[in-house]
Each structure stands twice: as structure tokens, then as C-alpha cells.
1. Kindly establish whether VAL139 is more than 15 Å from the chain's Cα centre (by Cα) and within 22 Å of ALA31 (Cα to Cα).
2. Take the conditions within 13 Å of the chain's Cα centre (by Cα) and over 30 Å from SER63 (Cα atoms) and apply them to ALA156. Does it pass?
3. Can you tell me which condition ASP119 does not meet? The list is (1) at pLDDT below 90; (2) assigned to a helix (DSSP H, G or I), and all the others hold.
4. Looking only at region 46-65, filter to residues that are open to solvent by 30 Å² or more (accessible area, probe 1.4 Å) and out of contact with any Phe, Trp or Tyr (no Cβ under 7 Å at 6 or more places or on another chain); which one of those is nearest to LEU244 (Cα to Cα)?
5. What single numbered condition from (1) buried (at least 16 other Cβ atoms within 10 Å of the Cβ); (2) part of a loop (DSSP other than H, G, I, E, B) fails to hold for GLY168?
6. Having 1 or more residues that are among the basic types (Lys, Arg) and closer than 19 Å to LEU248 by Cα is the bar; report the helices (runs of 4 or more DSSP H) wholly within region 1-116 that clear it.
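The values are calculated or read from the model by the stated rules, or taken from the named source; none is laboratory data. Everything quoted here is computed from the prediction, not taken from an experiment. Every residue, glycine among them, receives a Cβ derived from its backbone with ideal geometry; neighbour counts consider all protein chains shown. What goes into the accessible areas is simple: the full protein's heavy atoms, side chains included, and nothing from ligands, DNA or RNA. Shrake-Rupley method; radii C 1.70, N 1.55, O 1.52, S 1.80 Å.
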Amino acid sequence: MVWFGVLAVLCLLVGAAAVRFRRAYRRLVDAPVTPRPQHEELSLYELAFLHGQGRRVVLTALSAMMLGGRLTAYGKEVTITGPVPRDEVEADVIEIIGLGPRWGVWDRMHRLSESASVDAIGDRMAGQGLVGSPTRCRVADAAFVTLHFWLWCTVAFTLVAAVFAALGDRAALIALATAVPVLAGGFLAQRHSEKWDPGVTEAGRRLMVPGQNDDGDRSVPRTNDDLSLYDVGCLGRVVYDGVLTGSLSNLHDALIAPPETWDDPPGLGGL
């Protein structure tokens, strides 16, 4: 009786996980695409997303806020001095970082890069066939992990059942015969799972070739602030290369997590 109870639970879990994964996968690969108008220029955040996904968008927003005088960085401390956001991404930055001096912003970068405003940029570009949808990719990833977990639980159950069946347990033999097709169906459900890509498509790569301004620097779309040519160049290096230099050096230092330190008391090899 125990064999059949365990089998029933595992079959239900594998079946539910397989259905969830196939739905997530179909929503991802069958998402409708409306090609971007040929002469529509990329926005600052769209250009950043093409070159570095959500994290690059966050770096661009933080950099633009600092160059616009609405954020400061000293040492490892970041302070938002302009609490009124200029766009949705800045609104999420202010909400997640907070208005007081904040130490340890690097711990919030993952949350910032998956904020609603950044996902909206990625999903909008995915609808134009330029990138893979970030939200749908994460849903498919989570469904895939769940399906894998229950599949391997069922594999373990099947191996145990095989041992008992070899010892003459008739119930284990019946359970084994039932678990095999469940496993086959579960592994079949995850087919093609390696084919989705949250990165840039071929159409998106064609838009990544940077234009140049009159000085020969890579052009950057209009920002929320009137920046000097030097600051525009600094922002361009963030957008295209993810490098914070020049006016953004302090922000670069503030976003780097300090190395882990290990207490090594005297007498145990310490100094």
C-alpha cells in the first residue's frame, strides 16, 4: 500500500510540474512578435539592455542620476539626493535603495536588475523580437527546475522499487512498471528546454552597432538631464561597456563588494 501511495503522489507532482513547464515554455517560444519600426531609435535604457541586460540598465540609471546631481557616492556609501524620479527605472532605484545613505548597494543589484520597470523594458523589446523576455525566461527556468526536482525524486523511488522488485516484492514490481512511463513522460516534457535564450536576438544585434557623434565618440540617447560632453562620454562607456570611469569613479568604488575578511587570531598563524 505504501508503494502505491508514494507512486500516486509522485505521479501527480511530476504531471503537474510537466504541465506547468510546457505552458511556460510555449508562452516563451510562441510569444507574438511585432517588428520594431525601422526608423525608431533606441532609448537610453533599451540600448543598455541590449548590451548588458537588466544589470546594465541599473548601472545606467545609477550613473545618469549621479551625473545629473541626484545621487552621490563616497567610499562604500550611496545617497540619493534627488528623491523625485524622472522615469520608472529611477522610481524603482529610489524605492529599493531608499532615501537615506545606503551602504552595500551591491547586495541590491540583483533585485534592482529584476525590478518591474527593468522587466518591462526587456519584455517590450522581446515583443519586438530583439531579446528574450526576461520574465518569461525566469518563469520557464523555475518550472524547469521544479520538474527536474520531482523527476529525480521519482528516479530515486524507481531505483528503490527495482531493488525490492528484484527481491520478489510484487507491489514494488507493479509500482516500478507504473513509474517507468511516468519518468518517460516527464523527461519527454522537458525536451527542447535548452533552446530558449534570454539574450539578444539577431535582430537585436543589428541595432547594437553604435553611432558616433561629431567628436567621434559613441552616441548616447537623450538623458533626463543636460550633461556635458565629458559626462555623456562617461555615460556612453557605462551603456556600451559597463565601465564606470571619470565622473563615475566614486560610484564604481561604491558598487564593488569588499573582499571577505577572515579573523586569524594570534597563535593560529595570524600576525
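1. Values: more than 15 Å from the chain's Cα centre (by Cα): no; within 22 Å of ALA31 (Cα to Cα): yes.
It is false that VAL139 is more than 15 Å from the chain's Cα centre (by Cα) and within 22 Å of ALA31 (Cα to Cα).
2. no
3. For ASP119, the exception is condition (1).
4. Once the filter is applied, the top-ranked residue is ARG55.
5. (1)
6. Qualifying helices (runs of 4 or more DSSP H): 44-67.
Residue-by-condition table, conditions (1) at pLDDT below 90; (2) among the polar types (S, T, N, Q); (3) assigned to a helix (DSSP H, G or I):
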{"position": "ALA184", "(1), (2), (3)": "yes, no, yes"}
{"position": "PHE187", "(1), (2), (3)": "yes, no, yes"}
{"position": "ASP214", "(1), (2), (3)": "yes, no, no"}
{"position": "LEU235", "(1), (2), (3)": "no, no, yes"}
{"position": "TYR240", "(1), (2), (3)": "no, no, yes"}
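This table checks each residue for (1) in contact with a Cys (Cβ under 7 Å, 6 or more places away or on another chain); (2) among the hydroxyl-bearing types (Ser, Thr, Tyr); (3) over 19 Å from THR201 (Cβ atoms); (4) touching a residue at least 40 places away in the same chain (Cβ under 8 Å).
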{"position": "GLN38", "(1), (2), (3), (4)": "no, no, no, no"}
{"position": "HIS51", "(1), (2), (3), (4)": "no, no, no, yes"}
{"position": "GLY69", "(1), (2), (3), (4)": "no, no, yes, yes"}
{"position": "VAL78", "(1), (2), (3), (4)": "no, no, yes, yes"}
{"position": "MET109", "(1), (2), (3), (4)": "no, no, yes, yes"}
{"position": "LEU112", "(1), (2), (3), (4)": "no, no, yes, yes"}
